[in-house]
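One structure below.
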Amino acid sequence: MSDDLIRDLNEYFSKQYTNFDRISSMPSYESVTISMVLRNRNRIEEGDYASNEMRKIVYQPQAEKVLAELKERYVDDNFSFSVRVAPWRKRVAALFGKSFTGHAVKTVVRKYGEDPASLAGRLGVDEKLWKNVLKGYYIPEKVLLYKLFLLLGMRREDCDTLMKICGASFSFEDARDVVVRYLIDYRVFNTEMIGRAFDEFHIRRIL
């Protein structure tokens, strides 16, 4: 099962990861032309598509080697706080029980059969901080949202909705975002498998 997970994750990552600066710095990287990407496709209609796709690992002549080098050299320098303070207007609204973000978090947590107030420990955050998230004084940043998505086994559409409400989005230039998106897309929510996926790319575990 673990081998299947990593094989599928590697294939997904090679097709989705878009950090060309990192990809092109790998020793086995080779320049790829648009014609190599398009082959039998219509070059005029799909030229823009190809100009972006040609930068991805999947089109490398030695794709597996490039990916292996990237994983070996990858340094997880992605740091963010769990939350940010809500703008003043939203904090005032929260005082009157009208927090849009806090309400959205509570609604989605209940949708998955959990009590919002009881999740702080399982998310690894301070009780007071989590209460302020639910009240709307704080807005979850991506790392906390990702913990929530994976912990609850959330469906992609609910993840996207909550991300948008909280002013966040997936970045396929970030290896962590690509791995998390894979786990969500393929509904891999086993804690051991999640840890294995993070370890494979030398990314700090979040659960």
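Out of 113, 102, 136, which single residue is exposed (fewer than 13 other Cβ atoms within 10 Å of the Cβ) and not hydroxyl-bearing (Ser, Thr, Tyr)?
Values: 102 fails: exposed (fewer than 13 other Cβ atoms within 10 Å of the Cβ); 136 fails: exposed (fewer than 13 other Cβ atoms within 10 Å of the Cβ).
Of 113, 102, 136, the one residue that is exposed (fewer than 13 other Cβ atoms within 10 Å of the Cβ) and not hydroxyl-bearing (Ser, Thr, Tyr) is 113.
When 177, 126, 185 are screened for being within 23 Å of residue 79 (Cβ to Cβ), surrounded by fewer than 18 Cβ atoms within 10 Å (Cβ to Cβ), touching a helix residue (DSSP H, G or I) at 6+ places or on another chain (Cβ under 9 Å) and not aliphatic (A, V, I, L, M), only 126 passes. The set of residues in the stretch 5-62 that are modelled with pLDDT under 80 and polar (S, T, N, Q) comprises 33, 35, 40, 42, 51, 52.
Of the residues in the stretch 81-90, none is farther than 30 Å from residue 20 by Cβ, touching a residue at least 60 places away in the same chain (Cβ under 8 Å) and open to solvent by 50 Å² or more (accessible area, probe 1.4 Å). Listed by first and then second residue, the pairs with beta-carbon distance under 7 Å, at least 6 apart or on different chains, first residue in the stretch 8-26 and farther than 15 Å from residue 201 by Cα, second of a type in the set (A, V, I, L, M, F, W, C) and at pLDDT below 95, are 15/58.
The values are calculated or read from the model by the stated rules, or taken from the named source; none is laboratory data. Since the model is a prediction, treat every value here as computed from it, not as a measurement. Quick reminder, even Gly has a Cβ in these numbers, built from the backbone with ideal geometry, and neighbours come from all protein chains shown. Only protein heavy atoms, including side chains, enter the accessible area calculation; ligands, DNA and RNA are left aside. Shrake-Rupley method; radii C 1.70, N 1.55, O 1.52, S 1.80 Å.
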